[in-house]
Amino acid sequence: MIVCHHRFLLLFQQPEGPVLGQLPLAPNWEPAVEWAAFAALRAGGRETPPHGRVVPVADPRLGLPYLSGFRVELDGADPAPPPCEFPVTYFARDARRGSAALVAAKKLRDGDTFSYRLLAVEQPEESSAQSAALAFEVGEETRPLAVTNAPLPPLFAATMPMGETDGSSAYPVFLPQAVLTEAQALVEAAGAREVGGLLLGHLQRDPALPDIGAVVTAQIPARHAVGEAEKLTFTPETWAAVEAAIRLRRSREIILGWWHSHPARFWCQDKACSPATRRACSLQRGFFSSDDLSLHENVFAKAFHLALVVTYADEGCHHALYGWNQGVVQRRGFRLLPDPTDARPPPTVAGSAPLPTSPPAEAAAAPTHTPIRESPATCQPADPP
Amino acid sequence: MVQLASLSVTASDVTGQKHARARNVPVDGSIGELVDGLLPRLRLNSLDRSGQPVHYDARLQREERHLHRTERVGDALLPDDHLVLHPRVVAG
Ligand SMILES: [Zn+2]
């Protein structure tokens, strides 16, 4: 149960200009509460169910109702873990949605700079419980998270950092090269069709640090997923086959996340883009689409859940890992566990350009309008450096 | 044989991280109604980000089959059966 006694909204303004409009928010607090619970666990605290209160944090300069963010106070732990604060950028995607509406209403032009502020007003508590058509009682049950205790330093010593430079809040992820190699082989074999699968492994807690790392051990192909040129459908049969495969492995693994491909080299083939334009195209560089985000939010909502994207670009396959960071899905780094039997160089990891889903932190102060990519079908030039 | 008027079942999401127990589920109800009632407690979305409904199949662990939404609870389920909700979801 997540309790919030406030209504949140975004106020849009041009620099030194008039207010352009406001957007009432219907926030999904679950990623924030999950992140707060995982942060407490990583810090050596006891596991708490993802229940708590969302409390506005006043802007120190402007005061209420203007906010610098919000904090989550978890229930149920004794002593209570310290509150976990979240910045205004938690609502960056809402800001882009609001700015798109302002562009449509001709209050903003595409590319205009604008700022947004977060406000909160009090409102009576609304129960999050929804009544079902069929009358029966449903109660959430809390099960302990499967975490094994083992030191993390040997894993750090055996691996090399790959991908983005993470902020201090990122938890370590250890990914074997064999998993990337297997995924890449499946992607190349599928050609123009998207393919995907599940990432299995363990959560490993080192009480001495203290911290928790995600150790990926295997990938399971989603054999019954329906792959098309620009989408991949995980059907109920997909999940049933994956569950059967996990049971057969008998390795006490948990689902740490999922992976899928973007066969970008086959997209836009009917367009007369030059090789240089194609190389610079953001589709070739890798991205996390709005459909990917929707799937991740709904199915992989735990703070440790990961998503690997294998982009089949003109110049070959490269990988990018995404995960939750302070309640927002962002591209993130990982530590690569080399395959001792494989002398090939490590796989290519996509560059460090900011993602459509993860604007830089300063975006809260004066973000530039960036359209949300709804479909990978439109060829777009690279963002300016 | 005693006919139950209601029964209890447990349910989880596909990642095995979210769990719920439904009590006093009327045997005359449908599996579809049961699934719809479980979604909020499992904190699973019934709509995706674009507002389209997300379809879920209930997988009955005991029989290793997906139940049809129109099946009657009393016909398909036994007390304390476990269901896993399998979504049909699309990556882009
Ligand atoms: Zn995708």
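The values are calculated or read from the model by the stated rules, or taken from the named source; none is laboratory data. On a predicted model such as this, the values are computed, not experimentally measured, just so you know. Virtual Cβ from ideal backbone geometry, glycine too; neighbours counted across all protein chains shown.
Answer yes or no as to whether A:Ser68 is at pLDDT 90 or above, more than 27 Å from A:Ser289 (Cα to Cα) and of a type in the set (Ser, Thr, Tyr). Steps first, answer last, please.
Numbers: at pLDDT 90 or above: yes; more than 27 Å from A:Ser289 (Cα to Cα): yes; of a type in the set (Ser, Thr, Tyr): yes.
Here the answer is yes, as A:Ser68 does meet what is asked.
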TODO: Consider only pairs whose beta carbons are under 7 Å apart and that are at least six residues apart or on different chains; among these, list those whose first residue lies in the stretch B:3-16 and is in contact (Cβ under 8 Å) with a residue 24 or more places away in the chain and whose second residue is among the charged types (D, E, K, R) and not in a loop (DSSP other than H, G, I, E, B).
DONE: B:Ser8/B:Arg21; B:Ser8/B:Arg23; B:Thr10/B:Arg21
Task: Index of the failed condition, A:Glu182 passing every other in (1) surrounded by 19 or more Cβ atoms within 10 Å (Cβ to Cβ); (2) among the charged types (D, E, K, R); (3) away from the ligand (no atom under 16 Å from the Cβ) - done: (1)
Task: Residues (more than 21 Å from B:Glu64 (Cβ to Cβ), out of contact with any helix residue (DSSP H, G or I) (no Cβ under 6 Å at 6 or more places or on another chain) and more than 7 Å from chain A (Cβ to nearest Cβ)) located in the stretch B:33-46 - done: B:Leu39
Task: Single match in B:Asp48, B:Asp81, B:Asp57 (criterion: crowded, with 18+ Cβ neighbours inside 10 Å and within 16 Å of the ligand (Cβ to nearest atom)) - done: B:Asp48
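Any residue at all in the stretch A:296-307 that is more than 16 Å from the ligand (Cβ to nearest atom), within 10 Å of another protein chain (Cβ to nearest Cβ) and out of contact with any Asp or Glu (no Cβ under 8 Å at 6 or more places or on another chain)? Lay out the reasoning, then the answer.
Of the residues in the stretch A:296-307, the ones more than 16 Å from the ligand (Cβ to nearest atom) are A:301-304.
Retained after the next criterion (residues that are within 10 Å of another protein chain (Cβ to nearest Cβ)): A:301-302, A:304.
Among the residues that remain, those that are also out of contact with any Asp or Glu (no Cβ under 8 Å at 6 or more places or on another chain) are: A:304.
Among the residues of the stretch A:296-307, at least one is more than 16 Å from the ligand (Cβ to nearest atom), within 10 Å of another protein chain (Cβ to nearest Cβ) and out of contact with any Asp or Glu (no Cβ under 8 Å at 6 or more places or on another chain), which makes the answer yes.
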- [ ] Please indicate, with yes or no, whether at least one residue in the stretch B:80-87 is within 7 Å of chain A (Cβ to nearest Cβ), more than 10 Å from the chain's Cα centre (by Cα) and not small (Gly, Ala, Ser).
- [x] yes
Task: Conditions (1) facing chain A (nearest Cβ under 9 Å); (2) touching a residue at least 24 places away in the same chain (Cβ under 8 Å): number failed by B:Gly92 - done: (2)
Open item on the list: Give me the helices (runs of 4 or more DSSP H) completely within the stretch A:211-285, filtered to those with at least 1 residues that are out of contact with any helix residue (DSSP H, G or I) (no Cβ under 6 Å at 6 or more places or on another chain) and within 16 Å of the ligand (Cβ to nearest atom), ordered by residue number.
Closed with: A:236-249, A:282-285
Task: Residues located in the stretch B:1-32, provided they are part of a strand (DSSP E or B), more than 13 Å from the chain's Cα centre (by Cα) and facing another protein chain (nearest Cβ under 9 Å) - done: B:Ser6, B:Asn24, B:Pro26
Task: Any chance A:Ser251 is of a type in the set (S, T, N, Q) and more than 10 Å from chain B (Cβ to nearest Cβ) - done: yes
